[in-house]
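The values are calculated or read from the model by the stated rules, or taken from the named source; none is laboratory data. Please read all numbers here as calculations on a predicted model, not as lab measurements. Note that each Cβ is placed from the backbone with ideal geometry, even for glycine, and that neighbours are counted across all protein chains shown.
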């Protein structure tokens with residue numbers, strides 16, 4: 001069964017610059033994750049420098065850029081700003097309120113399944129993405145699988161691991177630091 005490990009990038013140096021690389025603290029976090037990282041059959045990231053650098057440090061390489069890991073969210077969070085999304089319950093409320101958030105989550109789950117399908121049954125993928133882009137599909141999948149996810153919104157380096165069997169997700173677990 002392929003495993004898709006999808007993590008939020010580590011902290012970037014300049015929060016006002018979308019093209020910023022990692023901060024020293026972000027690099028240190030990624031290096032700590034690398035020390036306990038399993039072997040990955042495939043390592044992907046979003047196109048942004050902080051995601052690419054995080055993936056390269058954790059896995060020791062980057063096999064490719066996956067644009068689907070940085071989709072346009074549009075208005076899916078409405079009038080909220082990301083800083084207000086402190087818990088998974090906050091993200092769950094967005095899913096309950098907004099059809100476009102639910103559609104976004106479903107599209108992202110298709111991207112995750114396509115990525116997982118690129119490796120063999122016993123392989124593991126590292127995919128580095130971004131906050132919000134992970135929470136919405138993770139909560140949607142957790143609801144389907146009756147495996148609730150609770151707690152804080154995913155911080156730097158955190159995310160989920162999804163187990164697939166015959167192309168379908170069968171298990172989801174939170175990855176916390």
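Before moving on, here are some points about what is shown:
- For residue 112, the conditions (1) touching a residue at least 24 places away in the same chain (Cβ under 8 Å); (2) in contact with a helix residue (DSSP H, G or I) (Cβ under 7 Å, 6 or more places away or on another chain); (3) surrounded by fewer than 14 Cβ atoms within 10 Å (Cβ to Cβ) are fulfilled apart from (3).
- Pick from segment 161-177, criterion surrounded by 13 or more Cβ atoms within 10 Å (Cβ to Cβ) and under 10 Å from residue 3 (Cα atoms), ranking: nearest to the chain's Cα centre (by Cα): 161
- Looking across segment 60-76, the residues that are at pLDDT 95 or above and over 15 Å from the mean Cα position of the chain (by Cα) come down to 60, 61, 62, 63, 64.
Quick grid of which residues meet (1) without any contact (Cβ under 8 Å) to a residue 12 or more places away in the chain; (2) touching a strand residue (DSSP E or B) at 6+ places or on another chain (Cβ under 8 Å); (3) closer than 21 Å to residue 177 by Cα; (4) not in a helix (DSSP H, G or I):
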| residue | (1), (2), (3), (4) |
| --- | --- |
| 37 | no, yes, yes, yes |
| 47 | no, yes, no, yes |
| 52 | no, yes, yes, no |
| 55 | no, yes, yes, no |
| 58 | no, yes, yes, no |
| 62 | no, yes, no, yes |
| 68 | no, no, no, no |
| 77 | no, no, no, yes |
| 80 | no, no, no, yes |
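- Flag for residue 120 being over 16 Å from the mean Cα position of the chain (by Cα), surrounded by fewer than 18 Cβ atoms within 10 Å (Cβ to Cβ) and at pLDDT below 95: no
- Which listed residue, of 95, 106, 33, 15, is part of a helix (DSSP H, G or I) and surrounded by fewer than 18 Cβ atoms within 10 Å (Cβ to Cβ): 106
- Conditions (1) surrounded by fewer than 14 Cβ atoms within 10 Å (Cβ to Cβ); (2) free of Cβ contacts under 8 Å to residues at least 40 places away in the same chain; number of the one not met by residue 150: (2)
- Among the residues of segment 82-92, those that are crowded, with 16+ Cβ neighbours inside 10 Å and in a helix (DSSP H, G or I) comprise 88, 91, 92.
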